[in-house]
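A.B. asks: First, the structure itself, so that you have it in front of you.
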Amino acid sequence: MAGYKPRVIGLTRKPGQTFGFYLRVEQGRKGHLIRCLEMGGPAELAGMKDGDRIVRVNGTYVDELPHSQVVDLVKESGVSVTFHILDKASYKQAKEQNVELADTHPTPVVNNVSNKAPELKLCYLIKSGAGFGFSVRSVKGEQGVFMTEVTAGGVADMAGVNVKDRVLEVNGESVEDATHERVVEMIKAAGSNIMFLLADEEAVRYYQSKQLKMGVWLATTKYLPHKPRIADITRGSDGLGFSLRKEPNHTGHIIKNIDRGSPGDRAGLMDKDRLVALYGTEVDSLSHEQLVNRIKQSGNRFCFLVVDKETDQMYKKAGASPMIFWEEMRGSAAPPSYTEALTLSTPVRPSTPVQEREEPLKPKLCRMEKAACGYGFHLNGIQGLSGQSITQVVRGGAADRAGLEDEDVVVEVNWVNVEKSMHEEVVLMIRNSGDSLVMLVAQKSVYDQLVAKGVSITPQLLGQTSTIQVHSSETGRDERLEEEEEEARPGTPPAQTRERSPSVSSAESFDDKL
């Protein structure tokens, strides 16, 4: 097997751009082929070659999957994806010798770089009476301005800033080539709040080694205090129960006049929210009429991405679209992609008082039906290792309503024990579950205590009150979606959702830009 260990290549793209290659299946050739590499694109810079074969996508073995399913796996990965790849000669030889490629064990490092791209950070600071709680420094003869003297427990510390973080942007403006004096001037001019784009030492080394530009599209939003919201809504007999307005001299579509008890109200929409995206496609470029028509033609279930005014202003200060939050959350908000969490870090949380009462040592049986926004959680595991947990549970989503919580340990999926299963195996089980899913989980503290006592965790431990029931479509009074009239203006062509458009040279050839 040693001669057939795939290379591991992690790619990161900007939102709205591609990974810089075409994925093809061709008549007379086996496997999923890399073709038409874009010069200077992420794939070419990472070392992909024409004719390479993709064996795994995010740990899922794909060599025997249909072309369309492999394309979907890549697209569902968002802005980052990990490939296991064999070169043309090795793949051909392996097939001739009937080597079972699913059993090969690739190494997790390529070119001395971790196969998961490190994240940049967006950090939003609101000045307190003691100031921001940091200083900046630069070294003569070296490029860059860096954070230093971060006060423990201060504003900067709580916002995710660390000593030695490199400052890439201040309020959405690049400072990579700015002088120390210019950066200090920009910080002083920012007033009582400021947005930084930062990179730690590992991230700087990673992207510089690959000659990749660092920008906000590579940043995590988990340190930001205000979050966009993902609203899963089912249309009632009288509509959605809110109005849409596009006001003169203001960008975006504004939600107004939400009827109490309506589908929009129950989904958590608030007056003056801005509708950013429908099913993951931005809608800013659409006219009012085009957006209303698209909603009317979209059936009865909707997945909205919205921001309140405060969140919207915060993202504008970063010079970023709230879509970077959507891209980051796609593994939980869309039909789940469950991207590998090899180096997932979590923001420091305030300590919570210890409960005096003893918690019941029982697991939870969570039954859920997939909503328009998916199940609404992320499966946290490490490729090739057993043990899975739940993270990034979307508030109001199917998983949240079913009782799943962050850090729950997964014990069973659809009545099958997965405590010893590999991450990719559990991912596949969830993918194959269709539109409904049953998970036996336990809070981590409960799980650890039961394991320490030698107790097998099974549904038999459940009492009647321990079972979380299925939560499907909401019930109650439904109101209409009212259309606010607006002044006539030139129509904007509707944004086209990018679909696969196969370039077919034979009945068995497909071609997808990724």
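The values are calculated or read from the model by the stated rules, or taken from the named source; none is laboratory data. Computed from a prediction, not measured in an experiment: that's the story for all the values here. FYI the Cβ positions are ideal-geometry reconstructions off the backbone, even for glycines, and counts take in every protein chain you see. All accessible areas refer to the heavy atoms of the entire protein, side chains included, with ligands and DNA or RNA removed. Shrake-Rupley method; radii C 1.70, N 1.55, O 1.52, S 1.80 Å.
A.B. asks: Quote the accessible area belonging to M270 in square angstrom, nearest 10, computed with a 1.4 Å probe and with ligands, DNA and RNA left uncounted.
C.D. replies: For M270, the solvent-accessible surface is approximately 90 Å².
A.B. asks: Right, another one. Gain in length, V163 to K227, computed as 0.36 nm per residue apart minus the alpha-carbon separation, to one decimal in nm?
C.D. replies: Between V163 and K227, full extension yields 20.5 nm more.
A.B. asks: Let me ask something else. Heavy atoms only, probe 1.4 angstrom, no DNA, RNA or ligands counted: give me K420, K164 ranked by accessible area, highest first.
C.D. replies: K420, K164
A.B. asks: Quick one: if the Förster radius is 41 Å, what FRET efficiency do Q17 and K127 give, using the C-beta to C-beta distance and rounding to 0.05?
C.D. replies: Efficiency computed from Cβ-Cβ geometry: 0.70.
A.B. asks: Say each of E289 and V451 gets a label point 7 Å from the Cα, pointing the same way as Cα to Cβ; how far apart are those two points in nm?
C.D. replies: The modelled label-to-label distance comes out at 6.1 nm.
A.B. asks: If you don't mind, there's one more thing I want to ask. Testing the spin-label approximation: label points 7 Å from Cα along Cα→Cβ at Y279 and R182. State their distance in nm.
C.D. replies: 4.5 nm
A.B. asks: How much length, in nm to one decimal, is gained on full extension between M429 and S209, taken as 0.36 nm per residue of separation minus their Cα-Cα distance?
C.D. replies: Full extension from M429 to S209 adds 75.5 nm.
A.B. asks: How much accessible surface area, in Å² rounded to 10, belongs to the heavy atoms of D238 with a 1.4 Å probe?
C.D. replies: Counting only protein heavy atoms, D238 exposes about 90 Å² to solvent.
A.B. asks: Which FRET efficiency, nearest 0.05, do K296 and H250 yield, Cβ-Cβ r, R0 30 Å?
C.D. replies: That gives a FRET efficiency of 0.80.
A.B. asks: How far apart, in nanometres, would the label points at A102 and M270 be if each is projected 7 angstrom from Cα along the Cα-to-Cβ direction?
C.D. replies: 4.9 nm
A.B. asks: In addition: Loop-only GluC sites (Glu not before Pro) in region 369-454, please: DSSP not H, G, I, E or B, and at most 16 other Cβ atoms within 10 Å.
C.D. replies: Hits after loop and neighbour filter: E405, E407, E419.
A.B. asks: Could you please put H250, H226 in sequence from largest to smallest accessible area, using a 1.4 Å probe?
C.D. replies: Of H250, H226, the descending order of accessible area is H250, H226.
A.B. asks: Step through the table entries K213/K246; K272/K316; K49/K213; K5/K121; K222/K444, compare each Cα-Cα distance with 27 Å, and write down the pairs that go over it.
C.D. replies: Cα-Cα > 27 Å for K213/K246; K5/K121; rest within.
A.B. asks: Using a 1.4 Å probe and counting only protein heavy atoms, arrange E310, E38 so the residue with the most accessible area comes first.
C.D. replies: E310, E38
A.B. asks: Please work out how much accessible surface Y207 shows to a 1.4 Å probe, ignoring ligands, DNA and RNA, in Å² rounded to 10.
C.D. replies: Roll a 1.4 Å probe over it and Y207 shows about 0 Å².
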